[in-house]
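The values are calculated or read from the model by the stated rules, or taken from the named source; none is laboratory data. Remember, predicted model here, so these are calculated numbers, not experimental data. Note that we place each Cβ from the backbone using ideal geometry, even for glycine, and neighbour counts take in every protein chain shown.
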Amino acid sequence: MSGHGTPIPMTSRPCGPLKGSAHVPGDKSISHRSLILGALSVGTTRVTGLLEGDDVLDTARAMRAFGATVTDHGDGNWSVQGVGVGGFAEPENVIDCGNSGTGVRLIMGAMATSPITATFTGDASLNGRPMGRVTDPLALFGARATGRAGGRLPMTIEGARDPLPVHYTVPVPSAQVKSAVLLAALNAPGETVVIEKEATRDHTERMLAGFGAEIEVEDTDEGRVITLQGQPELTAQDIVVPRDPSSAAFPVCAALIVPGSDVLVPGIGLNPTRAGLFTTLREMGADLTYENERIEGGEPVADLRARYSPDMQGIAVPPDRAASMIDEYPVLSVVASFATGVTDMQGVKELRVKESDRIDAMAQGLRACGVDVAEGDDWWQVTGLGAGNVPGGATVASRLDHRIAMAFMVMGMAAQKPVSVDDGRPITTSFPIFEPLMAELGAQLVRSNA
Ligand code: S3P
């Protein structure tokens with residue numbers, strides 16, 4: 001339920017070296033899926049390390065509204081007593097998903113093949129985002145959506161009474177769309193096939209397999225082909241949520257640009273569908289190493305060590321890497337400002353339909369901080385000024401977007417003058433401990449304008 005209430009301006013001042021360990025919170029994508037799949041299972045799913053950010057808390061409330069028993073045992077330990085596939089009850093009230101595109105899209109999928117009706121809404125950011133990309137495939141199952149013009153929330157979904165399995169090629173590189181279709185397919189009898197031309201994060205597929213669904217994933221010339229047998233009995237699981245690479249990006253990038261820094265970010269998932277930023281930073285010449293590499297819960301994990309890197313160079317980021325770092329472009333563009341040369345980011349149209357139009361939000365803010373940015377519909381380029389040469393000294397609109405707010409807080413740590421955002425509240429959607437965690441490393445963040 002973020003985005004309601006009074007804005008909290010926030011300022012980041014140039015600071016001394018960042019030092020120490022940054023234990024970032026649990027993965028947002030996996031946290032949402034733990035609650036939703038737990039709710040669709042039989043038995044009690046226990047979740048350790050759940051991200052207790054606003055987005056995930058909204059999903060927890062939603063799962064209760066559909067009939068699951070979701071309990072907070074403290075310290076990131078939660079349990080979900082599920083109702084089984086097809087067992088969702090009709091909610092009595094409107095489901096408010098706050099700021100969360102992942103929450104609303106996955107939940108719409110999960111309820112779309114049950115004979116119930118639910119109405120969804122969110123904050124001003126979420127209510128401006130396109131939902132047709134999800135309701136189009138859900139219509140193939142037999143669900144009906146009625147929303148505002150342009151397929152926007154608030155929107156009512158009438159679930160299919162006699163759902164049909166589907167064969168669907170996802171037209172945009174979106175794990176949310178793919179996941180909505182797979183969750184809908186759970187209660188459709190027979191075989192649903194989902195094809196994605198570009199591989200996106202695969203947590204839904206991995207977790208569905210873990211919960212006992214019959215699911216196959218095959219890489220073919222057509223793309224990634226996912227086949228799911230409908231109406232399985234999902235069995236409750238014990239889930240340990242890994243730490244979020246998208247949150248790790250902030251202390252890692254801050255350490256690379258603040259002189260003298262040396263920061264360890266332990267236990268970060270390096271699933272190839274999520275780790276594109278770290279590959280990119282290393283290609284730019286960042287002193288970023290993977291220590292203690294291991295496998296945890298079937299996923300590659302490492303401790304990331306980031307040290308100040310004054311000699312980074314801009315690069316062309318390969319467009320086929322975009323899906324694996326889609327949430328990291330805002331903070332990458334900050335690092336690019338401190339590198340020398342141009343960082344060229346192509347094939348990133350999806351950035352325009354995130355919590356904000358992230359190309360526009362970053363371009364305007366970076367320009368206000370003295371950095372040159374060129375942009376087109378699905379690309380942008382940042383011309384780096386070199387370490388220590390970024391002026392800063394602006395107040396930037398965070399546009400109800402946590403990653404815009406955090407990216408500019410990182411910029412303020414290494415710019416010549418402080419950088420402010422008009423509203424830091426959205427940070428709690430994904431990284432509620434951002435301020436104390438960064439302060440502990442040595443950042444100077446204050447809640448007010450400079
Ligand atoms: C997510 C998928 C991505 C990402 C979002 C989380 C997910 O969105 O930006 O933060 O958990 O599936 P898209 O699927 O729209 O690319």
* To do: Give me the pairs, please: first residue somewhere in region 90-110 and of a type in the set (S, T, N, Q), second residue anywhere and more than 11 Å from the ligand (Cβ to nearest atom) and modelled with pLDDT of 95 or more, beta-carbon distance under 6 Å, and either six or more positions apart or on two chains.
  => 99/123; 99/125; 99/126; 100/58
* Asked: Out of (1) more than 16 Å from the ligand (Cβ to nearest atom); (2) closer than 21 Å to residue 30 by Cα, the odd one out for residue 230 is which?
  -> (2)
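Table: residues versus (1) in contact with a helix residue (DSSP H, G or I) (Cβ under 7 Å, 6 or more places away or on another chain); (2) over 23 Å from residue 320 (Cβ atoms); (3) hydroxyl-bearing (Ser, Thr, Tyr).
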residue	(1), (2), (3)
136	no, yes, no
150	no, yes, no
157	yes, yes, no
165	yes, yes, no
173	yes, no, no
185	no, yes, no
189	no, yes, no
198	yes, no, no
* Quick one: would you say residue 189 is surrounded by fewer than 19 Cβ atoms within 10 Å (Cβ to Cβ), farther than 23 Å from residue 273 by Cβ, assigned by TED's automatic domain parsing to the domain that holds residue 275 and more than 17 Å from the chain's Cα centre (by Cα)? -> no
* Asked: Just a yes or no: is a residue in region 170-182 part of a helix (DSSP H, G or I), among the basic types (Lys, Arg) and surrounded by 15 or more Cβ atoms within 10 Å (Cβ to Cβ)?
  -> yes
* How many residues, within region 334-379, are in a helix (DSSP H, G or I), β-branched (Val, Ile, Thr) and under 21 Å from residue 418 (Cβ atoms)? -> 2
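To keep it simple, each residue is scored yes or no on (1) outside any loop (DSSP other than H, G, I, E, B); (2) within 16 Å of the ligand (Cβ to nearest atom).
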{"site": "130", "(1), (2)": "no, yes"}
{"site": "137", "(1), (2)": "yes, yes"}
{"site": "147", "(1), (2)": "yes, no"}
{"site": "150", "(1), (2)": "no, no"}
{"site": "168", "(1), (2)": "yes, yes"}
* Asked: Filter region 68-78 for residues that are free of Cβ contacts under 8 Å to residues at least 40 places away in the same chain and part of a strand (DSSP E or B); which is surrounded by the most Cβ atoms within 10 Å (Cβ to Cβ)?
  -> 70
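Rundown of residues vs (1) away from the ligand (no atom under 14 Å from the Cβ); (2) farther than 11 Å from residue 404 by Cα; (3) out of contact with any helix residue (DSSP H, G or I) (no Cβ under 9 Å at 6 or more places or on another chain); (4) not hydroxyl-bearing (Ser, Thr, Tyr), yes/no style:
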site: 342; (1), (2), (3), (4): yes, yes, no, yes
site: 351; (1), (2), (3), (4): no, yes, no, yes
site: 365; (1), (2), (3), (4): yes, no, no, yes
site: 369; (1), (2), (3), (4): yes, yes, no, yes
site: 382; (1), (2), (3), (4): yes, yes, no, yes
* Please enumerate the residues belonging to region 4-36 that are farther than 22 Å from residue 267 by Cβ and either within 16 Å of the ligand (Cβ to nearest atom) or in a strand (DSSP E or B) (or both). => 10, 11, 12, 13, 36
* Taking only region 152-166 into account, find how many residues are outside any loop (DSSP other than H, G, I, E, B), basic (Lys, Arg) and surrounded by fewer than 16 Cβ atoms within 10 Å (Cβ to Cβ). => 0
